[in-house]
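The structure appears below as C-alpha cells.
Just so you know, all these numbers are worked out from the coordinates, no wet-lab data involved. Worth saying up front: this structure is predicted, and the values here are computed from it rather than measured. Note: ideal-geometry Cβ built from the backbone for every residue, glycine included; neighbour counts use all protein chains shown.
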Amino acid sequence: MSSHREISTDETGSFASLPDEVICQILSLLPTKKVIAASILSKRLRRLWNYIPALNFGNIKVKTLADNNRFNEFVDTLLFSRERAGSHSIDRFWLDIEYDYPYIAYHKSFPNVINWINYVVKQNVQFLNLTFSVVYDPGHTGPNLPISVFSCRTLVVLKLRWFSVEEDSCFNFVGFPSLKALHLNDIYFDKYEDFLLLLGGCPVLEDLKVSDVYSFRTDPLDFDSSSLSKLNRAYIIGCRCDYWVKALSNLEYMRIQLWKGYHPTNFPIFHNLTHLVLNYNWDVVVEVLNHCPKLQNLDLYQNIRSDLDEDDYITEDDQDNWDEPTFVPQCLSSYLRTCTIRDFAFAGLRRHLMLAGYILKHAKVLETMIIWCNRERPGIESILSSCAKASATCQLSIY
Amino acid sequence: MAAEKSSIKIITLIAADGSVFEVEPNIVKEMKTVQSYIDELDQNTVSIPLPNVFGNDLAMIIEYCKKHASEEETKEAKEEFDFEFVKRMKSDDKLRLLQAASYLNMESFLQFMAKAIAAEIENQSVEFVRDYFQIESDFTPEEEAELRKENEWAFK
C-alpha cells in the first residue's frame, strides 16, 4: 500500500492542493466583501475573484452620501474588473441595501443600481435577490424596477423588496420559463393587471411569497386558473388574492392572511393541502376548512404583525357568541392531526373558546392541540379539558 | 438492495491507511470517481483503492452517504443528521473531508462541505482565513498594502 500514501499529512488540508473550482465554490457562498478582502492573501485568490459566479452584497447600510459613493465606486470597479478579465458568468446576484433616507435611494443609488441589474441580466443571472428598505420616512413607494428584469428568461429565483412596477414596463414580458421561486415584498404595481401577467408567466413556479403587493387600480380581472399548476407552497400576507386564488388549488402548504369582511366563497378546493396557516379572521375558519379536505396541520393566528398596537385589531366583545356551523368539514373527521392556536383570547375570549371546543368535538384523529394565550386567562384550561373530544388520545397544551 | 445494471453486490473501498470498507453499490453512487471505476468492470465484487482518502474520513463519508441514500429517513431527520454531522467536526476535519469530496467527485457532499466551511469563515477576519487554509502570501508587503488601499471598502 505504500505507493498509495503519496499525500503526507502536511499536505492534506492545505490550500494549495484544492482545485480552483472548489475554492470558487466556497468563495461563492461568502459575502463579496469577504472575497475581495481575502484576495490580498495570495496571487491565486487575486486571480480567482473575478471568476466567482456569485456576487453577494448583503446587509449593506447606507447612512450618508459618502457611504453611498464608496459603495457605488466599489461595485462599479468590481464589475469593470470582471469585464476586463473577460469573466462573463454571474449566476447569483444578491443586493440588500438599507438606506437611511429615500432621497439617497432614489437619486444617488438607483442610477447605479439600475446599471448593475442591467449588467447581471445580460450575463443570464439565475438567482436575483434585490432587497431594499428605508429606515426613516418609510411609506414611500419603491424606485422603479428596471424593465430589463422582465426580459431575463434564465431566472430560477427572483426575490424583490421595495420596488414600483410602472405601467407598461411589462410590455416585453414573455415569461420566466424556469422560475421556481418568486418572493415579492412591498411592491407597488401601477396596474394590478401587470402583477397577474407576471404570475401567469411562471409555468413551473413552486414557491410563491407575496407580502404587501398592492395597486391603487384593481379593476375586476380574469386570471387563468390553470396556470401555476406546479405551485406547492404559497405565503400571502397583506395582499388580496381574490382574482387568482383559484390558481392555487395544487398547494400543499399555504399561509394566508384573510382580510376584513372576506368570505372564502371563491376559494377552490385545495385537494393536496396538508398544512394551512391562517391569519386574522377566525369567523370563517370552518368555512375555509371546508375547502381543504386533506388538511393535517392547522395553525391559527389573529395577531397580524407584532409591530401593531392592540388598537389596530378588530375589537370584539368577550361575551360575543360564535355561530357554530351546522356541518363538519371532511378534514376534521378524517385527517387533522395537529392544531395550534396562537393569540388565543386576543379579541373575544368566548368566541375562541367556542371555536377550540368545536374543533375538539369533531376532530376524530387529532393528536395535539396547542394554545398560546397572550393574556392571563384563568379557567381556559378547565373549560377546554372538560369539552367533549372526538379523539380520545388528543393532547391539549395551553401556554 | 440489488444493483441496477451490474451484478456487483458488494464494493470494497481501501483507504490510504489500508483500512477496508465494504459497502453496497447504492452507497457509492454519489462518488463519481468510484462509480466510473465500477462501470468499467464486470465482476461480482470489486475492490477499489482510494489513495487520497484516509480511513477515518472515508468512514464519515460512508456514514453520510448511507443516511442520505436511505429512503426511510425523512427530510427533517436528514437535516438533523447534517447539523450534528458538522457539529462534531473540527476545522481540519472539514478541510480534509472537502478534499476527499473533491477527489471522489461527490457533487452534493462537496457542496455540503463547502457550505460548512463558508459558514465557519463567513464572519472572520482576513487573518483567520489565511490561517484556516494555511495560505502563504506571495505578495510583497508593498503589493499587499497597495491592494488594501485599492479595496478599502472591503476592509471596513
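Among A:A16, A:A345, A:A181, determine the one that fluctuates most according to a GNM of chain A built with springs between C-alpha atoms less than 10 Å apart.
Among A:A16, A:A345, A:A181, the largest GNM mean-square fluctuation belongs to A:A16.
Suppose each label sits 7 Å from its Cα in the direction of the beta carbon; what would the A:N124-B:D39 distance come out to in nanometres?
Result: 2.4 nm between the two label points.
Stretched out fully, how many nm does the piece from A:D224 to A:A388 gain, at 0.36 nm a residue minus the Cα gap?
Stretched out fully, the A:D224 to A:A388 stretch lengthens by 54.6 nm.
Scan around A:S42 for amide H atoms under 5 Å from its own, H built in the peptide plane at 1.01 Å from N, and keep only partners 5 or more places away or cross-chain.
Distant-sequence amide H within range of A:S42: zero hits.
Which ordering of A:C241, A:C292 is given by a fewest-first count of other beta-carbon atoms within 10 Å?
Neighbour counts put them in this order, fewest first: A:C241, A:C292.
Does region A:43-198 come out rounded, prolate or oblate, given a ≥ b ≥ c as the square roots of the eigenvalues of its C-alpha gyration tensor, rounded meaning a/c under 1.5 and, failing that, prolate meaning a/b above b/c?
oblate
Go ahead and run the numbers for FRET between A:E166 and B:T74, Cβ-Cβ distance against an R0 of 51 Å, rounding to 0.05.
FRET efficiency, A:E166 to B:T74: 0.65.
Name the residue, out of A:Y51, A:Y262, A:Y235, whose mean-square fluctuation peaks in a Gaussian network model built on chain A with Cα pairs under 10 Å.
A:Y262
Placing +1 on the Cβ of each Lys and Arg and -1 on the Cβ of each Asp and Glu in chain A, which of A:L258, A:L231, A:L300 has its Cα farthest towards the positive end of the resulting dipole?
A:L231
Enter the mean number of other protein chain beta carbons within 10 Å of the beta carbon of each residue in B:94-105, as an integer.
Partner Cβ neighbours, averaged per residue: 3.
Would region A:157-238 count as rounded, prolate or oblate if I go by the C-alpha gyration tensor, calling it rounded below 1.5 in a/c and otherwise prolate when a/b exceeds b/c, oblate otherwise?
Rounded, since a/c falls under 1.5.
Report P(r) for region B:10-123: all Cα-Cα distances, bin width 10 Å, range 0 to the bin holding the largest distance, values in whole percent.
Bins of 10 Å from zero give 13, 46, 32, 8, 1 percent of pairs.
Between A:R153 and B:K32, what FRET efficiency comes out of the Förster formula 1/(1 + (r/R0)^6) with R0 = 30 Å and r the beta carbon distance, rounded to 0.05?
Once rounded, the FRET efficiency stands at 0.45.
When chain A is treated as a GNM, springs tying every alpha-carbon pair under 10 Å, which of A:G86, A:G348, A:G175 comes out with the largest mean-square fluctuation?
Maximum among the listed residues: A:G86.
Using the alpha-carbon atoms, what tilt in degrees (0 to 90, nearest 10) does helix A:349-362 show relative to the longest principal axis of chain A?
90 degrees
Modelling each spin label as a point 7 Å along the Cα-to-Cβ direction, I'd like the A:D20/A:D137 distance in nm, to one decimal.
Each label point lies 7 Å from its Cα, and together they span 4.8 nm.
By count of other Cβ within 10 Å, fewest leading, how are A:W322, A:W259 ordered?
The most exposed by this proxy come first: A:W259, A:W322.
Can you give the local net charge around B:A101? Use residues other than it whose beta-carbon is closer than 13 angstrom to its beta-carbon, Lys and Arg +1, Asp and Glu -1.
Charge balance in the 13 Å sphere: -1.
For region A:211-261, what does the alpha-carbon gyration tensor say about shape, rounded, prolate or oblate, given a ≥ b ≥ c as the root eigenvalues, a/c under 1.5 as rounded, and a/b over b/c as prolate?
oblate
I want to check the label-to-label distance for A:E98 and A:K246. Put each point 7 Å from Cα in the C-beta direction and report it in nm to one decimal.
4.3 nm
Quick one: 3J(HN,Hα) in Hz for region A:171-177, Karplus 6.51/-1.76/1.60 with θ = phi - 60°, rounded, Gly and Pro as x.
Using θ = phi - 60°, the values come out as 4, 9, 6, 10, x, 10, x Hz.
Dipole of the protein assembly as shown (Lys/Arg Cβ +1, Asp/Glu Cβ -1, origin at the Cα centre): which of B:F112, A:W162, A:P378 lies farthest to the positive side?
So the residue furthest toward the plus end is B:F112.
Can you compute 3J(HN,Hα) from phi for each residue in region B:127-141, using the Karplus curve 6.51 cos²θ - 1.76 cosθ + 1.60 with θ = phi - 60°, rounded to whole Hz and x for Gly and Pro?
Here the 3J(HN,Hα) series is 5, 4, 4, 4, 6, 4, 8, 6, 7, 9, 5, 10, 9, 6, x Hz.
Can you compute the charge dipole magnitude of the protein assembly as shown about its Cα centre, using +1 on each Lys and Arg Cβ and -1 on each Asp and Glu Cβ, nothing else charged? Give it in debye, rounded to the nearest 20.
Using only the charged Cβ atoms, the result is roughly 460 debye.
Using only the Cα atoms of the protein assembly as shown, each taken as one equal point scatterer with no solvent, compute I(q) by the Debye sum, divide by I(0), and report log10 of the ratio at q = 0.07, 0.08, 0.12 Å⁻¹.
-0.58, -0.75, -1.26
Counting only residues 5 or more places away or on other chains, whose amide H sits under 5 Å from the amide H of A:D212 once H atoms are built in the peptide plane?
For A:D212, whose amide H was placed from the backbone, the distant partners under 5 Å are A:D186, A:I237, A:G238, A:C239.
Which ordering of A:L182, A:L332 is given by a fewest-first count of other beta-carbon atoms within 10 Å?
Ordered from fewest to most neighbouring Cβ atoms within 10 Å, A:L182, A:L332 come out as A:L182, A:L332.
Roughly how big is region A:221-266's charge dipole about its Cα centre, with Cβ charges of +1 (Lys, Arg) and -1 (Asp, Glu), in debye to the nearest 20?
The calculated dipole for region A:221-266 is roughly 200 debye.
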